Amino acid sequence: FRFDRDTQLKAARAVVFVVDSVQVARDIRATAETLYDVLANASVQENECPVLVLCNKQDDALALPNVRVKEMLEEEIDGLRGSRQAGLDSLQDTADDDAAVEEKAGDYLGIDGKKFVFEDLCHPVQFNESSMVIGHDAGGLEQVEQWISESLHT
């Protein structure tokens with residue numbers, strides 16, 4: 001079974017993106033690439049779909065706080081923009097299909113010439129901490145349910 005992200009995002013009204021706060025430093029590239037793909041998705045952008053980045057496992061002493069996870073992802077996505085733009089430039093030089101080039105051009109996140117920050121996106125991105133351990137201060141599913149309810153009623 002393979003999750004078809006693009007099909008699911010076409011119908012999404014909100015997105016909860018769960019990050020392992022303990023492993024994120026080791027997996028930052030893959031995490032940032034996946035989040036980039038979600039944020040650059042045409043349906044997410046067209047619908048200005050709110051995104052919650054849920055920094056999970058806050059009950060672990062090695063977990064990074066959501067502020068640090070956000071900074072790391074911003075830095076990594078900033079670098080990804082450059083490499084993806086270089087790939088687009090080479091595609092433009094060789095492409096016979098202008099529609100494919102135009103589609104990829106819409107993948108650029110943030111403001112050109114400015115360091116990437118989530119606040120520059122057309123849709124809201126919020127970072128919260130969580131733990132699914134019962135009784136932990138960081139909150140659990142109730143917090144996510146509240147965010148979804150608030151996001152869908154605004």
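The values are calculated or read from the model by the stated rules, or taken from the named source; none is laboratory data. Please read these numbers as outputs of a predicted model, since none were measured by experiment. Every residue, glycine among them, receives a Cβ derived from its backbone with ideal geometry; neighbour counts consider all protein chains shown. The accessibility values were calculated without ligands, DNA or RNA, using every heavy atom of the protein model including side chains. Shrake-Rupley method; radii C 1.70, N 1.55, O 1.52, S 1.80 Å.
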Pairs where the first residue, in the range 125-146, is under 16 Å from A14 (Cα atoms) and the second is modelled with pLDDT under 75, C-beta under 8 Å, 6+ apart: N128/G139
Any hit, the range 34-41, residues being part of a helix (DSSP H, G or I) and open to solvent by 20 Å² or more (accessible area, probe 1.4 Å): yes
Inter-residue pairs, beta-carbon under 8 Å, first at negative phi and in the range 1-29, second surrounded by fewer than 12 Cβ atoms within 10 Å (Cβ to Cβ) and assigned to a loop (DSSP other than H, G, I, E, B), 6+ apart: V22/L62
Some residue of the range 126-144 being open to solvent by less than 60 Å² (accessible area, probe 1.4 Å), in a helix (DSSP H, G or I) and modelled with pLDDT under 90: yes
